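Below: one structure, written as structure tokens.
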Amino acid sequence: MTAPPPHQDDPAGEPGVAQETRGHVIRRRALTLLIIVLLIGVPAGYLVISANQSRDSGKDKEAKYSATGLTEGWPSRVQRRLYQVPIPHPSNQVAYYETNNWKTSRLYVQFQTTHAGLDAFLTELGLSRAALEKDSITIGERDRHVTGWKFSGPGARPGDFFGFVHEQKNPQPTLDVVVNTGNPVYPMVYVVSRTVP
């Protein structure tokens, strides 16, 4: 038989070592757990929030760039300058849509203006009312499909539409323009400006 191990003295009896009470142990473990939760939980929470924001941002961009049809509002000054589409003041019912690909970039713009505004628009292009050809729908079916513009059907009367094509040398854009004079006071202007990058 082996002898029992020798009895060790209680550590409380040694000088400099304090006896830990049960309450102290619970507090120490709770503090350790809190520190671990903070060290792991805070960065993990930040990653989750960041991932959600990134996903939402991606969805917003996807919705913006996959949208079809016109967006209410004015195109930016850069777009108006690049595509050479001067929108006169005053104008309302302004809407636009831009498409880009490796072959051709297009800016679709519509606006309603006054007769003075129409004259100002034509003057900015270096033209006059003489350029407007009666019953000339210069905007093609493809572009009408993209924007939803309809130049025939209920409410469209013969003689209400005038159009012209303003051709320019590359890299300057070519503009297809249709003017609807169905409202005798406020003509509606539709423009497709195409440029080859």
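Quick one: pull the percent of accessible area on segment 93-167 belonging to carbon and sulfur, 1.4 Å probe, ligands and nucleic acids left out.
Ligands and nucleic acids excluded, carbon and sulfur give 49 percent.
In this structure, residue 165 and residue 72 have a Cβ-Cβ separation that, at R0 = 45 Å, corresponds to a calculated FRET efficiency of about 0.95. Protection proxy ranking of 185-194, 143-152, by the mean of other Cβ atoms within 10 Å over each peptide's residues and highest first, is 185-194, 143-152. Karplus-derived 3J(HN,Hα) values for segment 173-183, using 6.51 cos²θ - 1.76 cosθ + 1.60 with θ = phi - 60°, are x, 9, 10, 9, 10, 10, 10, 9, 9, x, 8 Hz; glycine and proline are entered as x. For segment 104-170, just say rounded, prolate or oblate: build the C-alpha gyration tensor, square-root its eigenvalues into a ≥ b ≥ c, call rounded for a/c under 1.5, and beyond that prolate if a/b exceeds b/c, oblate if not. The shape class here is oblate. In order along segment 117-128, the Karplus-derived 3J(HN,Hα) couplings, from 6.51 cos²θ - 1.76 cosθ + 1.60 at θ = phi - 60°, round to x, 4, 4, 5, 4, 5, 4, 4, 7, x, 10, 9 Hz, and Gly and Pro are given as x. Going 7 Å from the Cα of residue 116 along its beta-carbon direction, which residues of segment 168-197 have the amide nitrogen within less than 16 Å of the resulting point? Within reach of a label on residue 116, which here means backbone N under 16 Å from a point 7 Å along Cα→Cβ, segment 168-197 contributes 185-187.
Full extension of the chain between residue 51 and residue 34 yields a length gain of 3.6 nm, computed as 0.36 nm times the residue separation minus the alpha carbon distance. For residue 84, no residue whose modelled amide H falls within less than 5 Å of its own remains once neighbours fewer than 5 places apart on the same chain are excluded.
The values are calculated or read from the model by the stated rules, or taken from the named source; none is laboratory data. Note that this is a predicted model, so its numbers are computed, not measured. No Cβ is skipped: glycine too gets one built from the backbone with ideal geometry, and neighbour counts run over all protein chains shown. Accessible surface is based on the protein model in full, side chains and every heavy atom, while ligands, DNA and RNA are left aside. Shrake-Rupley method; radii C 1.70, N 1.55, O 1.52, S 1.80 Å.
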